[in-house]
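One structure is given below, encoded as structure tokens.
Every read-out reported here was derived from the displayed coordinates using simple, explicitly stated rules and does not represent laboratory data. On a predicted model such as this, the values are computed, not experimentally measured, just so you know. Neighbour counts run over all protein chains shown; Cβ positions are idealised from the backbone, glycine included.
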Amino acid sequence: MSRKDMLLPILCLFAALALAQDNPQAEPVPVPATVVGPRTVAQPEAPVPAPATMSSDQIKNLIREAAEKDIENDKRERDYTYNERVEEHKLDGKGTVKSTEIRVYDVLEIYGEQVRRLVSKDDKPLSEKDANKEEEKIQKVIDKRKNESDSDREKRLKKEEKDREHDREFVKEVADAYNFTFKGTETLGGRDTYVIDADPRPGFEPTTREGKILPKFRFRLWLDRTEDQWVKLDATCIDTVSIGLFLARIHQGSRIVIETTRVNDEVWLPKHVLVHFDAKLALLKNIDIDQDVTYKDYKKFHTQTKIVGMEEVKQ
């Protein structure tokens, strides 16, 4: 699910895995009506029993079909503003916390572009200087979009569609790269889910550049039984992943857990992300970080809302 910049390269990799996950939808069972006097009253629908098992091929086909829904979630996320809180712990070689930093962002939608505005550090408001820098950043985006030509807008939209097509191709790779095992059912946040394990399939041959990383990860996912959405993903790096020739190496044991939530009865959006990131950058600097990201206060952005520049706001 590559929906937003989580500040760490590993999240981009893991989120791509999340994009491919969704659940099988149970078909409702027709319920016969009961005659009561002159009226006919339908009985409440009986709950659909969970299947005893699910084959790997069934899960694979469901993943391919469900990918489109998660891409749609990604598009609908742009209709929302929300709050993002990032708590980051830097660790030493023994896993002891060396330092902690907390950053809170308002995530805004400006002319179709998602922008993060830093609003506090370590639970303290920004200084006037830093706050002005953030407003200047927002103003640059506003000015850029307001002055965008028709041809530039068309190019941007074509690129976005090309990126979505690329996501779809990658999803096909995810479905082919793993052996899936049905592990039963579990209730998460009051919702019934299917639990699926995914282990790298021996002999998998990737056809995309990103597909080369898939054998380096295994994951478990929780799939909502009634909403056709992935609810939770827990992915672990099981072998060293190299990014670029000398850019970075992600070490075995790095892990990400992503949880989503249903918003406005229309879309599933991120709720909570936990990351353990162990890597070496440029083959020189070791980075060992724990990161906890929470998302809240989702508010739907109305297209009729007028976006104005900061000077207009001050007036």
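The H on the amide N of ARG201, modeled in the peptide plane, is under 5 Å from the matching H of TYR178, ASN179, each at least 5 residues off or on a different chain. D for the range 140-205, whole µm²/s, Stokes-Einstein with Kirkwood Rh over alpha-carbon pairs at 10 °C and 1.306 mPa s: what number? In µm²/s, the coefficient rounds to 99. Per-peptide packing, taken as the mean over residues of other Cβ atoms within 10 Å, places 118-126, 158-166, 228-236 in the sequence 228-236, 118-126, 158-166 from highest down.
Once the other residues with Cβ under 13 Å from the Cβ of GLU134 are scored (Lys, Arg +1; Asp, Glu -1), what is the net sum? Residues close to GLU134 contribute a combined charge of +3. The relative contact order of the range 108-229, computed from alpha carbon pairs under 8 Å that lie at least 6 residues apart in sequence, is 17 percent. Annotation: lysines with alpha-carbon distance below 17 angstrom to LYS124 (same-chain offsets under eight excluded): LYS133.
In this structure the amide hydrogen of THR261, modeled in the peptide plane, comes within under 5 Å of the amide hydrogens of LEU269, LYS271, none closer than 5 places in sequence on its chain.
May I ask which of LYS69/LYS296; LYS271/LYS299; LYS232/LYS296; LYS94/LYS285; LYS232/LYS299 have a Cα-Cα span longer than 19 Å here? Pairs exceeding 19 Å: LYS69/LYS296; LYS232/LYS299. Remark: the range 226-295 is approximated by an ellipsoid whose semi-axes, taken from the C-alpha gyration tensor as √(5λ), come to 31, 12, 10 Å, largest first. Net charge of the neighbourhood of ILE258, taken over other residues with C-beta under 9 Å away and scored Lys/Arg +1, Asp/Glu -1, is 0. What separates the Cα centres of the range 188-242 and the range 286-301 is a distance of 20 Å.
In this structure, the amide hydrogen of LEU188, modeled 1.01 Å from its nitrogen in the peptide plane, lies closer than 5 angstrom to those of THR193, counting only residues at least 5 positions away or on a different chain.
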